[in-house]
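Asker: The structure is given below, and queries will be raised subsequently.
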Amino acid sequence: MTTPVLRGHWGYAAITDKIADEVLTRRPGLLWRLSFWSTFAGMLVFAAATVHLLRTGVGIWGVNVPVAWGFAIANCVWWIGIGHAGTFISAVLLLLRQKWRTSINRFAEAMTLFAATMAAIFPLLHLGRAWKFYWLAPYPDTMGLWPQWRSPLVWDFFAIATYIIVSFMFWYVGLIPDLATLRDRATGRVKRLVFALGALGWCGEARQWVHYEKAYLLLAGLATPLVVSVHSVVSLDFAIGNTPGYHSTIFPPYFVAGALFSGFAMVLTIAIPLRRAFGLHDLITEVHLDHAAKVMLATSTLVAYGYLSEIFMAFYGGDRYDIAITTDRWVGAYAPVYWAMLGCNVLLPQLLWWRRCRRSAVLLLGLSLLINLGMWMERVLIVVSSLHRDFVPSAWGLFIPTAWDWLFLLGSICTFAWLFLAFIRVLPAISMAEMRELGHEQNAVGAAP
Amino acid sequence: MSRTAPWGLMAEFAGAEALVAAARAVHAAGYQRAEAYAPFAVEGLDEALALRPRGIAAACLIGTVVGALGGYFMQWYANVISYPVDIGGRPPHSWPMFVPVSFSLAVLLGAVGALIAMLWRVGLPGLYHPVFNAPDFDLATRNRFFLCLRSDDPVFDPDQARVLLDSLAPMRISEVAS
């Protein structure tokens, strides 16, 4: 038998109470309150900035021809990438029977939902006339028009909308037994009512479990191709255009690898403070950190291969514009971003070859923050640097982000963090039903029942 | 004993193994409507009660097929029949361009199908259930395991049921009011 995923001996009751009490009885600490209210303020600023944007127009950002896609699109790609780790952990690792997913799948799914929501906001804001976004959907309009089915931007709308809805269903189905637990353990009348409505009347009958498990498995099976397809479709927004630096067949796998890379970095960014704040060291152990770090190392290598392949194809293909954009990335206006990106995404993750680094929470937290930064720089570089030098020198231009660009980036991070902080107070951050099952299996293997 | 017929007779167990053993015993004794309640998906419980998931995979498949074909048809209809646009002489029926949306809708409707079939099969949402009246039943979602013999089972006899449950060494036996 391999090393157990959980530390110590946890019975059904202990594991249930530990997780449920974080929601039901524990008073929020000072740190949580400070973070909650400061990110809440950040969310309000984000909302106010959005109002200003809608009233004034996208001109408040630094975008202009030739760089008409700036931070908004880069942020969208970055956020949707972060969202991929949740589905990977929930669905792919479930199908692969990886026991360690159980401690982290719930909050990773919540992270996915919130990140995908942030991702969905940016293209809408970038439309300029955000209130006409429904033109992307096929509906019987009086002009008799249809969406342009050959446009990757329409595919994007379908891919991201499907992703959010399926992720939500998967997350909610996983929550049903836990909501029933909260219903049975909550003391306040309002809390009981809310949890009871959410639990839909679940009573844990064997027939319910059989059908539930089947549906959960099928949802996992359906969500698995989404891990690959959503970011592939996002990458087609770029790859189908003929701009040098966009027009590349490596883009779909390269984007998916980058998505998992940044997603696992975000999972660790969340998991490490979470386990410290809630004292979850027995449930989210070094084994989890180690495995997540290994996934980061693997995806970092894939991303590095993507960088190499882009360079190789530019020179092997011999297209002068491809060569020009490649050398521009090395020495041009955005070269510092390029080299910083390589440092964050390729160089520093090499530390993860060492087991001691993979098990050091502090180092992993720092590293995952840097990887998030590095992946964000990669998205900006893809979007901006390719556009600022395309074919005709007379059409070249620089993109310089304005204060509003930074405000929207920081605002989205605050909103994401605020949603997550609210989530861990009102819903169990770890699946109690699955932890009971895991504890049952682990205890059966170990000592007496 | 027979004032008003109870909904069933409920036995309470401390462990998952005891519940599976008890479920096997009552199933062997001919009970068709025995219901077992557990705080997690206990391995072997479905076999002990001869339960199998029904209809979910089919609903999921139907959803997937409807999504894929419906999505493809929508795009074909829009581009070929309803509003054909000639862009550089490209064929209106440019099928590779229709794949991403068809795929998305296949996944979406497949997931919706599986979810609806699951809720339908297990009778959710249904906020009231007689077993919620049983003592300690709030622990069924925490650390206790219950086995209920329903009184509408053809082989149910109050006295024999109690004897049978007694022989399984439960922590307690109680009547569930209907």
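Asker: Please compute, for the alpha-carbon atoms of segment A:60-180, the extent along each of the three principal axes and give them in descending order in Å.
Answerer: 49, 36, 26
Asker: Over all alpha-carbon pairs of the protein assembly as shown, lay out the pair-distance distribution in 10 Å bins, whole %, shortest bin first.
Answerer: Computed distribution, short to long bins: 3, 15, 23, 24, 17, 10, 5, 2, 0, 0.
Asker: Also: Where the centre of each part is set by its Cα atoms, how far does segment B:101-178 sit from segment A:54-114, in angstrom?
Answerer: Spelled out, the Cα-based centre of one part sits 38 Å from the other.
Asker: OK, next. What is the average number of partner chain Cβ atoms found within 10 Å of a Cβ in B:95-108? Before the final figure, lay out each step's value.
Answerer: On the way: counts 0, 1, 8, 3, 1, 11, 10, 2, 8, 14, 2, 3, 14, 9.
That average works out to 6.
Asker: Let me ask something else about it. Report the one residue of B:PRO158, B:ALA177, B:LEU139 whose Cα lies farthest in the direction of the positive end of the charge dipole of segment B:122-178 (charges on C-beta: Lys and Arg +1, Asp and Glu -1; origin at the Cα centre).
Answerer: Farthest towards the positive pole: B:LEU139.
Asker: What ranking do A:MET296, B:MET74 get, fewest neighbouring Cβ atoms within 10 angstrom at the top?
Answerer: Lowest to highest Cβ neighbour count: B:MET74, A:MET296.
Asker: Scan chain B and note any complete DSSP helix (H) whose C-alpha atoms cover at least 27 Å along its axis and whose Kyte-Doolittle average is 0.0 or more.
Answerer: For chain B, where a helix must reach 27 Å along its axis and average at least 0.0, the hits are B:56-76, B:99-121.
Asker: Would you work out if segment A:246-397 is rounded, prolate or oblate? Take a ≥ b ≥ c from the square roots of the eigenvalues of the alpha-carbon gyration tensor; rounded if a/c is under 1.5, else prolate when a/b is larger than b/c, oblate otherwise.
Answerer: Values: a/c = 2.99, a/b = 2.44, b/c = 1.23.
Taking the square roots of the gyration eigenvalues as a ≥ b ≥ c, segment A:246-397 is prolate.
Asker: What percentages, rounded to whole numbers, describe P(r) for segment A:119-200 computed over all alpha carbon pairs with 5 Å bin width beginning at zero?
Answerer: 3, 13, 15, 14, 11, 9, 9, 11, 9, 5, 2, 0
Asker: Okay, moving on. On C-alpha positions alone, give me the angle between the axis of helix A:30-56 and the longest principal axis of chain A, in degrees, nearest 10.
Answerer: Between the helix axis and the principal axis of chain A, the angle is about 40 degrees.
Asker: Any idea which of A:ILE160, A:PHE88, A:GLN98 is furthest toward the positive side of the dipole for segment A:41-186, if Lys and Arg beta-carbons carry +1 and Asp and Glu beta-carbons -1?
Answerer: Of the listed residues, the answer is A:GLN98.
Asker: If we sort A:18-26, A:215-223 on the protection proxy, mean other Cβ atoms within 10 Å, highest first, what's the order?
Answerer: Sorting A:18-26, A:215-223 by mean packing, highest first, produces A:215-223, A:18-26.
Asker: Among residues other than B:MET74 whose Cβ falls under 15 Å from its Cβ, what is the net charge (Lys/Arg +1, Asp/Glu -1)?
Answerer: Result for the neighbourhood of B:MET74: 0.
Asker: Using Cα pairs under 8 angstrom and six or more residues apart, how large is the relative contact order of chain A, in percent?
Answerer: Answer for chain A is 32 percent.
Asker: May I pose another question? Before anything else, pin down the relative contact order of chain B: Cα pairs under 8 Å, at least 6 apart, normalised by residue count, whole percent.
Answerer: Once normalised by length, the contact order is 48 percent.
Asker: Report, in debye and to the nearest 20, how large the dipole of segment A:182-258 comes out about its Cα centre when Lys and Arg carry +1 and Asp and Glu carry -1 on their Cβ.
Answerer: 580 debye
Asker: For chain A, find the longest principal axis of its Cα atoms and tell me its angle to the long axis of helix A:105-126, 0 to 90°, nearest 10.
Answerer: Here the helix axis deviates by roughly 30 degrees.
Asker: If you average the sequence gap of Cα pairs under 8 Å that are 6 or more apart and divide by the length of segment B:56-121, what percent do you get for the contact order?
Answerer: 59 percent
Asker: Taking a threshold of 24 Å on the Cα-Cα distance, which of the pairs A:LYS18/A:LYS294; A:LYS18/A:LYS99; A:LYS18/A:LYS214 fall above it?
Answerer: A:LYS18/A:LYS294; A:LYS18/A:LYS214
Asker: May I ask you to list the residues of segment A:30-66 whose amide nitrogen lies under 15 Å from a point 7 Å from Cα along the Cα→beta-carbon direction of A:VAL392?
Answerer: It comes to A:65-66, nothing else.
Asker: Report, in debye and to the nearest 20, how large the dipole of segment A:265-382 comes out about its Cα centre when Lys and Arg carry +1 and Asp and Glu carry -1 on their Cβ.
Answerer: Details: 10 positive and 8 negative charges, 92 e Å.
For segment A:265-382, the charge dipole is close to 440 debye.
Asker: For chain A, take the longest principal axis of its alpha carbons; what is the angle in degrees between that and the long axis of helix A:12-24, to the nearest 10 within 0 to 90?
Answerer: That works out to roughly 60 degrees.
Asker: Size of the dipole of chain B about the Cα centre, Lys and Arg at +1 and Asp and Glu at -1 on the beta carbon, nothing else charged, in debye to 20? Present the calculation step by step, with values, prior to reporting the outcome.
Answerer: On the way: 12 positive and 15 negative charges, 91 e Å.
The calculation lands at about 440 debye.
Here, each number is a calculation from the coordinates, and none is a lab measurement. These figures come from a predicted structure and were not determined experimentally. Cβ coordinates were reconstructed from backbone atoms using ideal geometry, including for glycine residues, and neighbour counts include every protein chain displayed.
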